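Have a look at the structure below before the remarks.
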Amino acid sequence: MRVAVLNGVNLDALDKRDPEIYGGIGLAELESQIYAWSKVLECTTRCRQTNHEGQFVDWCHDALDWAGGVILNPGAWSHYSYAIRDAVELFKVPVVEVHLSNIEAREEWRRHSVIAELAAKRILGKGPAGYREALTYLVEGT
Ligand code: DQA
C-alpha cells in the first residue's frame, strides 16, 4: 500500500515548540520513525510538510492518484481551513487524522477540527506513536 503523510503548518518547527506538549522531537526524526515503521509494515510512504495552505491542498490532490491511504496532521489549519476540508473530501481512500497533542483537552479553539467528520480514524495525543497507529490501521485495518 502507498501512504501519503502530510504534515501542515508549524510542524517543521516541532523541536522548537513546547516540549511538554510536543515532546521535543523534530520533524526529521519524526519522519525517519515513520519511514522505519513503514518498512516494517511493508508500505511505501511519502512524508511531506509545508507551511503553505495552497501547497497542502496541491499535495492532497497529488495523493488522490497515488495513495491507498492518507495520514493528515494539518496543524492549526485543522481548526478552520475549509479549503483543506474541501480537498480532504475528495479522498475515496481512508484518511486518518493525527495530532501529536490531545486537541480535545487543550484550548477551546483547538477542540474543533473541520476535517474530523471526514476521517476514518482520529488519533489524538499519542505523540509520534500516533503515526505508527495510523499506518498500522491503514495497512492492517486494526
Ligand atoms: C497539532 C495541534 C494543533 O492544534 C496545533 O496547531 C499544531 C499541532 C498537533 O499535532 O497536536 O500545530 O496539530
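Residue count for region 103-121 satisfying the condition of being more than 9 Å from the ligand (Cβ to nearest atom), open to solvent by less than 80 Å² (accessible area, probe 1.4 Å) and touching a strand residue (DSSP E or B) at 6+ places or on another chain (Cβ under 7 Å): 6.
Taken as a whole, the structure leaves Ala63 outside the set of residues that are of a type in the set (A, V, I, L, M), open to solvent by 10 Å² or more (accessible area, probe 1.4 Å) and out of contact with any helix residue (DSSP H, G or I) (no Cβ under 6 Å at 6 or more places or on another chain).
Considering region 1-115, the qualifying strands (runs of 3 or more DSSP E), each wholly inside and each with 2 or more residues that are touching a residue at least 12 places away in the same chain (Cβ under 8 Å) and among the aliphatic types (A, V, I, L, M), run over 2-7, 69-73, 95-99.
Do we find a residue being closer than 23 Å to Ala13 by Cβ and surrounded by fewer than 20 Cβ atoms within 10 Å (Cβ to Cβ) anywhere in region 88-102? Looking through region 88-102, at least one residue is closer than 23 Å to Ala13 by Cβ and surrounded by fewer than 20 Cβ atoms within 10 Å (Cβ to Cβ). The residues of region 122-133 that are more than 12 Å from the ligand (Cβ to nearest atom) and open to solvent by less than 50 Å² (accessible area, probe 1.4 Å) amount to a single one, Ala129.
The values are calculated or read from the model by the stated rules, or taken from the named source; none is laboratory data. Quick caveat, the model's predicted, so the values are computed rather than measured. Backbone-built Cβ (ideal geometry, glycine too); neighbour counts: all protein chains shown. Ligands, DNA and RNA are stripped out before the accessible areas are found, and what is left, the full protein with its side chains, is counted by its heavy atoms. Shrake-Rupley method; radii C 1.70, N 1.55, O 1.52, S 1.80 Å.
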